[in-house]
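A.B. asks: The structure that follows is given in the form of structure tokens.
Any read-out appearing in this document is the output of simple, stated calculations on the displayed coordinates, not a laboratory observation. Predicted model only: the values in this text are computed from it and were never measured. Cβ placement follows ideal geometry from the backbone for every residue including glycine, while neighbour counts extend to all protein chains displayed.
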Amino acid sequence: MTDNENKELKIYPLEHCNWAYTYKGSQNVRCTWISDSPLEDPVDYLLDDGELSMEDPILQQLERDIAGIKESQNEYEKCVTRVCGEPTSTKLLFREDAFELIDGRPTLSNLGEALETLRESDFAAGLLNHALTLGVEIRDTNETTGADYCEATKTLSVRRDLNKIDKVLLLARELRKIYVGQVNPLELNPDFAIVVERARVADEATAMVRTAWDLVWKGHTEVWTRLHNSPMSDLGRCFGREALKDFRAVKDGRASRATFETWFLSERCRRVDRNLINHMLADYSAYVFASELEEKDRQTTVAVLKSFGKVPFGTNYLEGFVGDIINDPVFTEVRDRSNANFLWFIKFERSFSEMETVAKEPEVKMGRVIEFPVKRDK
């Protein structure tokens, strides 16, 4: 690369391209658009051909929406700076985790402190009270990697050596699972099973974000800081923007719905689809693709999605949104090619097995009974 730094790069004009380039910020490179003013506004060029007009009401509305998003984002960044402080270095976080591993994790149970912290969130307190009403036992154990709820024994197990902040978030996730109830997606048509499983995981993530946001206003900013510095930061950022723009968005469900949609716009769908399809491949019970059963599965899916939107108090944030979830490809389409191929294979195999079973059944021929005339005496 050193020998070529003094050479001029020749880039020829490209159609519909209106940019100039520099090499390493110092060497001038020819512009890809040759004119009297190489850096002219691209909008002027498009206006000449009548392809774009900034007076278009659609574009004007788009500009207003973008300006609103930028304003909300700036407000959220200011709030996060006040709550979480300045951005923490990744190296500093790594050092803290390394020292914690060297010194050993805490052996004393901090489950009581985590539950007390959860009770300070109105949303999480409603979930916790519902679980206790059902007789769920919450206990510390080292037999799980995080938190896990067993419906058969009504036991919610939490890893003993987790810190309090992680326990709060994991408990909120599992308590949300208890509140909405568990549904086996393998009992549904594979297309509907994909939607239900995605919505379940998205709702649990939304519950964690909602709990962390409630705790910010109770003085527990460390929970939001943990979430903000995690892979779920995009979900927290979305919830925070909606909540800061209008405080009523938390109670009426707009903030939760926006977070729910943001989950689907990420790459999290691929991992959920892969896990579910692996379970489908390991399941030997045959699916039946009759039209009446498919319609029944659709109705079941609608009911399940509505149940995911229920909250201890306030508005069901998915009540008027279920139709869009079922019909919009953003929520239903399997994006990963390998997952889509496996899903197609499952549907084909089950349909073929059903047709093969019907073909093997012996055909029962029904004879026609002929009534003989009754002899009458003259």
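A.B. asks: Projected onto the charge dipole of segment 185-358 (+1 at Lys/Arg Cβ, -1 at Asp/Glu Cβ, origin at the Cα centre), which of 309, 213, 262 gives the Cα projection farthest towards the positive end?
C.D. replies: Farthest towards the positive end: 213.
A.B. asks: Could you state the number of Å between the C-alpha centres of segment 131-185 and segment 213-271?
C.D. replies: With segment 213-271 and segment 131-185 each reduced to a Cα centre, they are spaced 21 Å.
A.B. asks: A further question follows. Give me a comma-separated list of calculated 3J(HN,Hα) values for segment 264-281, in order, Karplus coefficients 6.51, -1.76, 1.60 applied at θ = phi - 60°, integers in Hz, x for any Gly or Pro.
C.D. replies: 6, 7, 9, 8, 5, 4, 4, 5, 5, 4, 5, 5, 5, 5, 4, 5, 5, 5
A.B. asks: Another question, then. Can you pull the one-decimal nm distance between simple spin-label points at residue 116 and residue 336, each 7 Å off the Cα toward Cβ?
C.D. replies: The answer from the label model is 4.3 nm.
A.B. asks: Please report, in debye to the nearest 20, how large the charge dipole of segment 185-358 is about its Cα centre when each Lys and Arg carries +1 at its beta carbon and each Asp and Glu carries -1 there. Could you put the intermediate results ahead of the total?
C.D. replies: On the way: 24 positive and 27 negative charges, 184 e Å.
Magnitude of the dipole: close to 880 debye.
A.B. asks: Taking H as built 1.01 Å from N, whose amide H comes closer than 5 Å to the amide H of residue 138, not counting residues under 5 places away?
C.D. replies: Sorted by chain and number, the residues that satisfy this are 156.
A.B. asks: Mind checking the full-extension length gain between residue 148 and residue 229? Use 0.36 nm per residue of separation minus the Cα-Cα distance, one decimal, nm.
C.D. replies: Values: separation 81, 0.36 × 81 = 29.16 nm, distance 2.34 nm.
Length gained between residue 148 and residue 229: 26.8 nm.
A.B. asks: Next question. With θ set to phi - 60°, apply the Karplus curve 6.51 cos²θ - 1.76 cosθ + 1.60 along segment 217-228 and write out the HN-Hα couplings as whole Hz, x wherever there is a Gly or Pro.
C.D. replies: Calculated HN-Hα couplings, in order: 7, 9, x, 9, 6, 5, 5, 5, 4, 4, 5, 5 Hz.
A.B. asks: While we're looking at this one, here's another question. Taking θ as phi - 60°, what are the ³J(HN,Hα) couplings along segment 331-344 by the Karplus curve (6.51, -1.76, 1.60), each to the nearest whole Hz, with x for Gly and Pro?
C.D. replies: 9, 10, 6, 7, 7, 6, 5, 5, 5, 5, 5, 5, 5, 4
A.B. asks: Testing the spin-label approximation: label points 7 Å from Cα along Cα→Cβ at residue 278 and residue 303. State their distance in nm.
C.D. replies: Each label point lies 7 Å from its Cα, and together they span 3.1 nm.
A.B. asks: Kirkwood hydrodynamic radius for segment 185-358: how many Å is it when counted over pairs of different Cα atoms? Don't jump to the answer; show the numbers that get you there.
C.D. replies: Details: mean 1/r = 0.0572 Å⁻¹.
About 17.5 Å, per the Kirkwood formula over Cα pairs.
A.B. asks: A further question on this structure: Eigenvalues of the Cα gyration tensor times 5, then square-rooted: what semi-axes does that give for segment 106-182, in whole angstrom, largest first? Walk me through the intermediate numbers first.
C.D. replies: Working: eigenvalues 66, 45, 18 Å².
Largest first, segment 106-182 gives 18, 15, 10 Å.
A.B. asks: Let me ask another. Select from segment 128-185 those trypsin sites (Lys or Arg not before Pro) which occupy a DSSP coil region and have at most 14 other Cβ atoms within 10 Å, ordered by residue number. Before the final figure, lay out each step's value.
C.D. replies: Numbers: sites: 139, 154, 159, 160, 164, 167, 173, 176, 177; in loops: 154, 160.
Hits after loop and neighbour filter: 154.
A.B. asks: With the cut-off at 29 Å, tell me which of the pairs 245/306; 296/347; 164/310; 70/167; 167/310 have Cα atoms farther apart than that.
C.D. replies: With Cα atoms farther than 29 Å apart: 70/167.
A.B. asks: How would you rank 157, 266, going from fewest to most other Cβ atoms within 10 Å of each one's own Cβ?
C.D. replies: Details: 157 20, 266 14.
Fewest-to-most ranking of 157, 266: 266, 157.
A.B. asks: Shifting gears a bit: Please arrange 117, 332, 221 by how many other C-beta atoms lie within 10 Å of their C-beta, fewest to most.
C.D. replies: Values: 117 22, 332 15, 221 18.
Arranged by neighbour count, lowest to highest, 117, 332, 221 become 332, 221, 117.
A.B. asks: Order by neighbour count: 70, 347, 296, fewest other Cβ atoms within 10 Å first, most last. Walk me through the numbers on the way to the answer.
C.D. replies: Values: 70 10, 347 16, 296 13.
Final ranking by Cβ density, sparse to dense: 70, 296, 347.
A.B. asks: Also, quick follow-up: Given segment 106-182, what percent of its DSSP beta bridges are antiparallel, to the nearest 5?
C.D. replies: Working: 4 of 9 bridges.
Roughly 45 percent of the beta bridges in segment 106-182 run antiparallel, per DSSP.
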